[in-house]
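> Pasting a structure here, questions to come.
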Amino acid sequence: MSDNPTPLLSAAAALRAARHVCVLTGAGISAESGVPTFRDAQTGLWAKYRPEDLATPEAFARDPQRIWEWYEWRRELVRRVEPNAGHLALVELASTVPRLTLVTQNVDGLHQRAGSTGVIEYHGNILRDRCSAEGTIAARSSLSITGLPECARCGELLRPDVVWFGEAIPRQALLEADAAAAACDVFLSIGTASVVYPAAGLAESALRSGAKVIEVNTEPTALTPLVDVALRGPSGDVLPQLLQALRS
Ligand code: BJW
């Protein structure tokens, strides 16, 4: 028998020894629920649309109707889907390790629906509206002049409460995620291409602090050359297997 443990057993051993696990999830963890990722060449959202046409404040200022149509379509989709085995495995992982911080780049709320608590929403939440003038979470006015969602308080246009390119990460989320990445002893990067910053910098920060970094992804990513363990496969399969290995 070989002395080299399999990647799954190595990852399980790292988690067993961990006091604080920081998890960063990306679009890949929701793919098995039926939510499209961004950068998949065939099915990704950016395969059909250019990011700068839809996910920037400039695009919204230029054509709010088009942006709202895209986001309403995605909202409907997110409301119809269910959390998958990957989301559920992270709920269990949180009750298995001494401390777990879950940071998600996803805006779909599926971690919370699966039962995860204290989720740090790094890029916001697609199901909330925010006033484009006041910046606060806002209710819709029932008297819209433009036919687009307007703020019940000030009448300005509402926008989805997500973070577009060139916009700052919500301050609390940024601080909490930075602190967890720098303090954890295991960092788990799941279903993200690791190309969008500052989120992609969290794993780098964890590595600098001496944490073990484990990646779960169907494909190699920009982070793969730096990780301690790479687990290849859909997170809905790999995460339950990892949990089982951790418990045995
Ligand atoms: C599976 C799977 C399965 C598939 N199982 N795996 C250099 C350094 C630092 C920053 C920059 C830089 N150059 C440019 C920037 C700025 C920019 C940036 O990073 N650009 C890069 C693209 C180059 N960043 C920003 O603009 C950020 N803000 C900022 O920097 O602010 C500065 C500032 C400071 C102070 C004041 C003002 C400004 C903001 C970034 C916002 C990103 N927003 C989006 C849209 C959110 C709203 C919406 O949903 O519409 O967030 S873009 C999109 O990308 C979305 C995602 O959260 C994010 C990351 O995508 P993710 O999750 O990695 O998805 P994919 O599709 O790329 O990958 C999926 C992965 O899953 C793949 O690897 C698959 O293989 C895998 N997979 N099935 C497991 N079943």
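The values are calculated or read from the model by the stated rules, or taken from the named source; none is laboratory data. Just so it is clear, the model here is predicted, and its values are computed rather than measured. Counting neighbours? That spans all protein chains shown, and the Cβs are built from the backbone with ideal geometry, glycine included. Accessible surface areas use protein heavy atoms only, side chains included; no ligands, DNA or RNA. Shrake-Rupley method; radii C 1.70, N 1.55, O 1.52, S 1.80 Å.
> Which ones in the stretch 153-176 are under 27 Å from GLU58 (Cα atoms) and surrounded by 15 or more Cβ atoms within 10 Å (Cβ to Cβ)?
If the condition is that a residue be under 27 Å from GLU58 (Cα atoms) and surrounded by 15 or more Cβ atoms within 10 Å (Cβ to Cβ), then LEU157, LEU158, ARG159, PRO160, ASP161, VAL162, VAL163, TRP164, ILE169, PRO170, ALA173, LEU174 are the ones that fit.
> Output the residue which, of all residues in the stretch 125-136 that are within 16 Å of the ligand (Cβ to nearest atom) and open to solvent by 10 Å² or more (accessible area, probe 1.4 Å), is farthest from CYS184 (Cα to Cα).
SER132
> Another question, if that's okay. Are any residues in the stretch 36-61 β-branched (Val, Ile, Thr) and open to solvent by 20 Å² or more (accessible area, probe 1.4 Å), and if so, which ones?
Result: THR37, THR43.
> I'd like the full set of residues that are part of a loop (DSSP other than H, G, I, E, B) and open to solvent by 50 Å² or more (accessible area, probe 1.4 Å), limited to the stretch 67-124.
Within the stretch 67-124, GLU82, SER95, THR96, PRO98, ARG99, THR117, GLY118 meet the criteria.
> Also, quick follow-up: Could you say which residue among THR192, THR224, THR218 is open to solvent by 60 Å² or more (accessible area, probe 1.4 Å) and of a type outside the set (Gly, Ala, Ser)?
Exactly one residue qualifies, and that residue is THR218.
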